[in-house]
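Everything below concerns the one structure shown next.
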Amino acid sequence: MVHKKCGNYTQLLWLLPACLIVSCGTVPPDSRGDRGVDTTAGEQLDPNSLVGQGRFEDAALLWQQQAIGSDSATAASLRVLAADAWLMANRPQAARDLLLWVDRPLLTASQAARLDLVLADLALRDQRVTEAGLFLQRAAQNLIPDIGPRYDALDSRLRAAMRHPASPAMAEALRIADSMPIYEHLKGLALLKALEVVHSRDLSIRSFNPKGNQRHTGWIDLALVIRQNIVQGFGVDRAIAAWKLRHPAHPVSRDAALDLWLLYRQQFSAPSKVAVLLPTEGRLRAAGSAIRDGLISAYLTRPGGTELVFYPTDDDPSSSVAAYFQAVDEGAKLVIGPLPADSVEAVLDLAGLGTPLLALNRLPEQTVLPADLAGQVYGLSLSQEEEAAATGRLLAGRGLNRALLLAPDTDWGSRMSRAFSEAYLGETQAQVQANPSDPRLSTTSRPSQHTRIVAAVSYSETEKDYGPVLEGLLLIDESKARKASVERTLQHPLTFEPTRRDDIDVIYMAATASQARLLRPQLRFHEAGDIPVFATGRIYNGIPDRTRNRDLNGVQLPISPWLLAHTRSDELPALDSIRGGAFAALYALGRDSWDILPWLVLMQRDPDFRFPGGTGDLFIGADGSDNIRLMREPAWAKFRGGRPVNSEPDQGL
């Protein structure tokens, strides 16, 4: 039931490729003056023989010596062997230091498998059992006889570490499984609920155990499959069919598994009464209308048994405070909103705050909440800083290590530049030095130690001709100056074409749609059309206009999935509040603010769980306090034919 009050109204990637970065600021351990292996007596030593004799340190040193002067690929493989020997000698720090100099793409499949065994060993030593399992899973795909015994030994260590369940919840789930020689759907449901606090990554590791209890493994695998498909369910039939092929003897049939998925999904619902605080007056009135229509659209699709009530607010934060208290007095179990940042802060400062809140803006840093609201206050927003940071992480992870940065000389431009730069450069070098075996610092997520911003420039918002700015950024002005100098020296005019700098992998452009339509053609004019260009999502204003947007062809950008799916005028809902697409992202925010409600508790229990929303993949992040930040990973698009089309981030090719 919808009321008005006084006014109008994503598949987990489990196995991230780990690539160890070549350090650029230190001396490789091969040449640090470590004790070498004495061969003065003419003895021809074989490192493998030394390993067989238990002389692991000597083997490691000899492999390191052999790496000196070898080609890059050979040196990388020798250093992996040396790192493994250091571990056998019980010197893990020596192995970590050496791995900083290993570049995974240079290794063959079997060599990479050995590297994964080394990383698994390091992870087990650090009691990072889940990560060790990830490395062993990947190593198993390319095992050769030489490393089979090493794999078996590490697998035994892993299983021993996992012998005792990770939590009482896992123990309870396995107890329920053992009580079901014949499948019982209510017990199956209880098993899934018991596993809710076990992270998806842990389920993934435990779902692959050829030597373990296969009934247990099958249940854990089924729990993971159901969780991965719980929100949308588009691929659940296919996923459960694949599960049954993996566990043909499991007592749960394919049809029973589908029924269990549906029964479990029905356990998740929004609170019985939800209040929505949105502006109906003031500067954010139009934004409030778009969010309202998106929220109502989602509610009508899946209302459940929830009563939805809207409370009007305006620019004055006190109106949001009054609306919050009215909603609570009238029995609201959860409040969505408010929208303005100052209103969010005013509500969070209330001494009487006692009802869960989904704010439609970023939460103030380090908000202190009442003890009984810990973990029940969320912030959901369309933060452009988050999109800029996501772009920075992506470009660095893709090996586009030398960036040019263009941004307007405004506060917004400064914020975009700062968010991009911090993510692009990051703190990864320190993290890798401290923990090189962490798979979360893989090449898809961590900047290279060579990553740098080659040059950055601010441009005027009012400028129409960016030629002088771009000539300076691309060093074309220096090329022209060299020509003039040579002409003066020779006293003769030269036929000369100025050339741009060639030390650029990517251009990041913070710009609005109108600015980008000017900048992109001028970049082409200055011979930079072949350089990949990534931009802020703001370059697409949501209004389908293929003619005007043709100048943006080739530019890549972060974008809301809902917006990406509605890039034609006839695909947009016929709602005045969307304003031809200009407010479509806010409409998607409204939809997400309703659709995510049933899953918030599960998202807290499992930080690996992602909600595939219309604004992006949403997941839980913490800001160091008790409040919960809903992080957003956008979709990616590239302009083609004047339209943004779905694009897996390539490298701008």
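The values are calculated or read from the model by the stated rules, or taken from the named source; none is laboratory data. No experiment lies behind these values; they were computed from the predicted model shown. Note that each Cβ is placed from the backbone with ideal geometry, even for glycine, and that neighbours are counted across all protein chains shown. All accessible areas refer to the heavy atoms of the entire protein, side chains included, with ligands and DNA or RNA removed. Shrake-Rupley method; radii C 1.70, N 1.55, O 1.52, S 1.80 Å.
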Open item on the list: Conditions first: (1) modelled with pLDDT of 95 or more; (2) over 30 Å from residue 361 (Cα atoms); (3) more than 30 Å from the chain's Cα centre (by Cα); (4) open to solvent by 20 Å² or more (accessible area, probe 1.4 Å). Residue 285 passes all but one, so which condition is the exception?
Closed with: (2)
Task: Checking residue 344 against (1) part of a helix (DSSP H, G or I); (2) more than 15 Å from residue 277 (Cβ to Cβ); (3) in contact with a Leu (Cβ under 9 Å, 6 or more places away or on another chain), the condition it does not meet - done: (2)
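Every residue in the range 555-584 that is small (Gly, Ala, Ser), surrounded by fewer than 23 Cβ atoms within 10 Å (Cβ to Cβ) and under 23 Å from the mean Cα position of the chain (by Cα), please.
If the condition is that a residue be small (Gly, Ala, Ser), surrounded by fewer than 23 Cβ atoms within 10 Å (Cβ to Cβ) and under 23 Å from the mean Cα position of the chain (by Cα), then 565 is the only one that fits.
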TODO: State all residues of the range 560-581 that are within 12 Å of residue 646 (Cβ to Cβ) and in contact with a Phe, Trp or Tyr (Cβ under 9 Å, 6 or more places away or on another chain); if no residue qualifies, say none.
DONE: 563, 564, 567
Open item on the list: With the structure loaded, tell me whether residue 238 is within 25 Å of residue 611 (Cα to Cα), at pLDDT 95 or above, out of contact with any Ser or Thr (no Cβ under 8 Å at 6 or more places or on another chain) and not hydrophobic (A, V, I, L, M, F, W, C) or whether it fails that test.
Closed with: yes
Task: Evaluation of residue 182 against (1) open to solvent by 70 Å² or more (accessible area, probe 1.4 Å); (2) under 28 Å from residue 84 (Cβ atoms); (3) assigned to a loop (DSSP other than H, G, I, E, B) (one fails), failing number - done: (2)
- [ ] Out of the residues in the range 242-269 that are touching a helix residue (DSSP H, G or I) at 6+ places or on another chain (Cβ under 6 Å) and among the small types (Gly, Ala, Ser), state the one that is least open to solvent (accessible area, probe 1.4 Å).
- [x] 257
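Yes/no matrix, rows are residues, columns are (1) of a type in the set (A, V, I, L, M, F, W, C); (2) open to solvent by 30 Å² or more (accessible area, probe 1.4 Å); (3) under 17 Å from residue 590 (Cα atoms):
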residue: 291; (1), (2), (3): yes, no, yes
residue: 299; (1), (2), (3): no, no, yes
residue: 333; (1), (2), (3): no, yes, no
residue: 339; (1), (2), (3): yes, no, yes
residue: 351; (1), (2), (3): yes, yes, no
residue: 367; (1), (2), (3): no, no, no
Open item on the list: Exactly one of these conditions fails for residue 272: (1) in contact with a Gly (Cβ under 7 Å, 6 or more places away or on another chain); (2) open to solvent by less than 30 Å² (accessible area, probe 1.4 Å); (3) closer than 30 Å to residue 312 by Cα; (4) not aromatic (Phe, Trp, Tyr). Give me its number.
Closed with: (2)
Open item on the list: Based on this model, can you work out whether residue 591 counts as part of a helix (DSSP H, G or I) and surrounded by fewer than 21 Cβ atoms within 10 Å (Cβ to Cβ)?
Closed with: no
- [ ] Please work out if residue 393 is open to solvent by 40 Å² or more (accessible area, probe 1.4 Å), at pLDDT 55 or above, within 30 Å of residue 369 (Cβ to Cβ) and in contact with an Asp or Glu (Cβ under 7 Å, 6 or more places away or on another chain).
- [x] no
Task: Candidate set from the range 627-646 (those that are closer than 30 Å to residue 370 by Cβ and out of contact with any helix residue (DSSP H, G or I) (no Cβ under 6 Å at 6 or more places or on another chain)); member that is surrounded by the fewest Cβ atoms within 10 Å (Cβ to Cβ) - done: 631
Task: Residues of the range 185-235 satisfying the condition of being among the basic types (Lys, Arg) and either farther than 13 Å from residue 609 by Cβ or part of a loop (DSSP other than H, G, I, E, B) (or both) - done: 187, 193, 206, 211, 215
Open item on the list: Among (1) farther than 19 Å from residue 119 by Cα; (2) open to solvent by less than 30 Å² (accessible area, probe 1.4 Å); (3) outside any loop (DSSP other than H, G, I, E, B), there is one condition residue 175 misses while meeting the rest; what is its number?
Closed with: (2)
Task: Odd one out for residue 197 among (1) within 24 Å of the chain's Cα centre (by Cα); (2) under 18 Å from residue 134 (Cβ atoms) - done: (2)
Task: Matching residues in the range 389-412 - criterion: being under 15 Å from residue 510 (Cβ atoms) and of a type in the set (A, V, I, L, M, F, W, C) - done: 389, 390, 395, 403, 404, 405, 406, 407, 412
